[in-house]
Structures are given as C-alpha cells and as structure tokens.
Amino acid sequence: MILYPAIDLKDGQCVRLKQGLMDQATVFNDDPADQARQFQTQGFSALHVVDLNGAFEGRSVNADAVTHILAAVTIPVQLGGGIRTLEGVSHWIDRGVSRVILGTAAVRDPHLVKEACARFPGKIAVGIDAKDGRVAVQGWAETSELSAVDLAQRLADVGVAAIIYTDIARDGMLTGLNLEATAELARAVHLPVIASGGLAGIADIERLLSPAYAIIAGAIAGRALYDGRLDPKAALALIGGQS
C-alpha cells in the first residue's frame, strides 16, 4: 500500500478544503515546493497534487507551483485538476508528472481517457469523486447522474492505471476514510483503487492494512498530516512493517 501526502493548490498556496468548498480553505504553506520537499524528506514515496483552481476553471491555473514542485523532488508526482485535453495530459507528462489524473473529463469525454491511456500507458488515473455515491464534476460543484461504480466499470478496460476514489462528504473533515465504499469499488473493477477523503489518523492506516481492506492499493492523507494528527514516521513504519 502506498500512502500519498496531498498538496492541494489554491492561488499558488498549499491549502486544505472542507468537503471541496473553496471558501473553506486553510493555508498550510505558501511555498508548495517547500512542502513537497518536506514530504520527501519524511520518507513518502510519492506525492498527490491537485490544482484546485484548475478543477473549477477547466485549465491548469497553478502551473508555476506544479513546476516548482516537480523541480523540488525526485519522487513520483501524480497530478489532477483542470486537465481536460490530450495536449494538457501530454504537457504535464513531458514535464515529469508520473501520472495524470482525469476527473471531469472521465465523465464528459470518455474518449479522451481512452486516447490518453493508449498514448501514455500506465500514466493515466481516473479520479472518481462522489457525493452520496454519485459522481461529482467541475471541482465538485456539479453532481452527475452516474454512480461511482458505473463510471469505474465503463473505464475498466481502457487501460486506466488506477482509480482515486474520494468521498466528498468526508474530505477534510477528519472523520475517517470510507473504506467500505472504496473496497466495493475495487472489487467491482479489479483495478488499483486509492482511498481519499477523511483520513483522520493512525487508526485509518491500521484499518487499511487489515485483511478486509487489503484490496485497496493506497490512500491519500491531507489535513491529518498538516494538523499533526497523523505522524508520518509512525504511519510509514506501520506500512513498511506489513510489506
């Protein structure tokens, strides 16, 4: 299992939101590249980066911050938020992003996902963000009629490298990961699925490592790391002890 520390970018700063609401942002570092270096120094093996402004505007808004992050670390970086064209995918992969996350595009332009997977095998993930089981798009501002499982199954055979499943109601709320829904999704598609939204502390890591949730490939940690509720050394030692 891989534990990904999250760097969410808003107006060039490293922030955390509550339930995806842009007016509920807390700034934790005004230098995202510095934050990325800290996470690498702590021993994390990969980073999860999201351009929040980009997710709403449908284009890469925090490109400078992402570029600085890529220059600051040597560990893999997966990037999402506002990437909705093949050119956008290519741009970031050419600049060193190890995996591009398509969210809104996966709902509105599934052909793009197929094209991107064919052109960049192993480098395309799909972000499935759900409210009450329904997929949300456009920076979580709109909810579609698709269920999370339906969308995942539509994309199961096109070469997607992983699915990142976020329970929006839990995101930033420190109420614990929705492991039941994440595992259900993983069983439905037989793809690596990463859990996101609500990781609160070491108890979530312990649950992730239990046999009931062994099917889950990883998890994303955000506010719990920034608030000091999750000790990186303890979490990574626990994961390493299970490998």
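The values are calculated or read from the model by the stated rules, or taken from the named source; none is laboratory data. Bear in mind the structure is a predicted one, so any value in this text is a computation, not a measurement. Neighbour counts are summed over all protein chains in view; Cβ atoms, including those assigned to glycine, are modelled from backbone coordinates with ideal geometry. Protein only, heavy atoms only, side chains kept; ligands, DNA and RNA dropped before computing areas. Shrake-Rupley method; radii C 1.70, N 1.55, O 1.52, S 1.80 Å.
Does A6 satisfy the condition of being crowded, with 18+ Cβ neighbours inside 10 Å, part of a strand (DSSP E or B) and of a type in the set (G, A, S)? Here the answer is yes, as A6 does meet what is asked. Applying the condition of being touching a helix residue (DSSP H, G or I) at 6+ places or on another chain (Cβ under 7 Å) and of a type outside the set (G, A, S) to segment 167-183 and asking which residue is nearest to V137 (Cα to Cα) yields D167.
When A36 is tested against (1) part of a helix (DSSP H, G or I); (2) over 30 Å from A234 (Cα atoms); (3) open to solvent by less than 30 Å² (accessible area, probe 1.4 Å), exactly one condition is not met: (2).
Residue check: V49 meets all listed conditions (1) among the aliphatic types (A, V, I, L, M); (2) in a helix (DSSP H, G or I); (3) touching a residue at least 40 places away in the same chain (Cβ under 8 Å) but one, namely (2). Annotation note: of D23, D94, D8, the sole residue that is free of Cβ contacts under 8 Å to residues at least 24 places away in the same chain and under 18 Å from D171 (Cβ atoms) is D23. Open to solvent by less than 10 Å² (accessible area, probe 1.4 Å), at negative phi and out of contact with any strand residue (DSSP E or B) (no Cβ under 7 Å at 6 or more places or on another chain): is that true of A118 in this structure? No, not satisfied. Between R134, R207, R223, R229, which is basic (K, R) and under 16 Å from the mean Cα position of the chain (by Cα)? Step by step, each of R134, R207, R223, R229 is checked, and only R223 is basic (K, R) and under 16 Å from the mean Cα position of the chain (by Cα). On the stretch given as segment 23-33, residues that are loosely packed, with under 15 Cβ neighbours inside 10 Å and either among the hydrophobic types (A, V, I, L, M, F, W, C) or assigned to a helix (DSSP H, G or I) (or both) total 1.
Restricted to segment 136-166, and to residues there that are in a strand (DSSP E or B), touching a helix residue (DSSP H, G or I) at 6+ places or on another chain (Cβ under 8 Å) and open to solvent by 20 Å² or more (accessible area, probe 1.4 Å), the residue that is farthest from G58 (Cα to Cα) is L146. In segment 67-85, is there at least one residue being under 21 Å from D167 (Cβ atoms), modelled with pLDDT of 95 or more, of a type in the set (V, I, T) and surrounded by 16 or more Cβ atoms within 10 Å (Cβ to Cβ)? Looking for residues that are under 21 Å from D167 (Cβ atoms), modelled with pLDDT of 95 or more, of a type in the set (V, I, T) and surrounded by 16 or more Cβ atoms within 10 Å (Cβ to Cβ), one finds none in segment 67-85, hence no.
Within segment 74-115, restricting attention to residues that are aliphatic (A, V, I, L, M) and over 18 Å from the mean Cα position of the chain (by Cα), the residue that is farthest from G43 (Cα to Cα) is L112. In segment 167-186, of all residues being assigned to a helix (DSSP H, G or I) and open to solvent by 30 Å² or more (accessible area, probe 1.4 Å), the one that is farthest from G103 (Cα to Cα) corresponds to E180.
Scan segment 94-112 for residues that are part of a helix (DSSP H, G or I) and open to solvent by less than 50 Å² (accessible area, probe 1.4 Å) and the total you get is 5.
Just one residue in the set A63, A33, A55, A46 is touching a His at 6+ places or on another chain (Cβ under 8 Å) and within 20 Å of R99 (Cβ to Cβ); that residue is A33.
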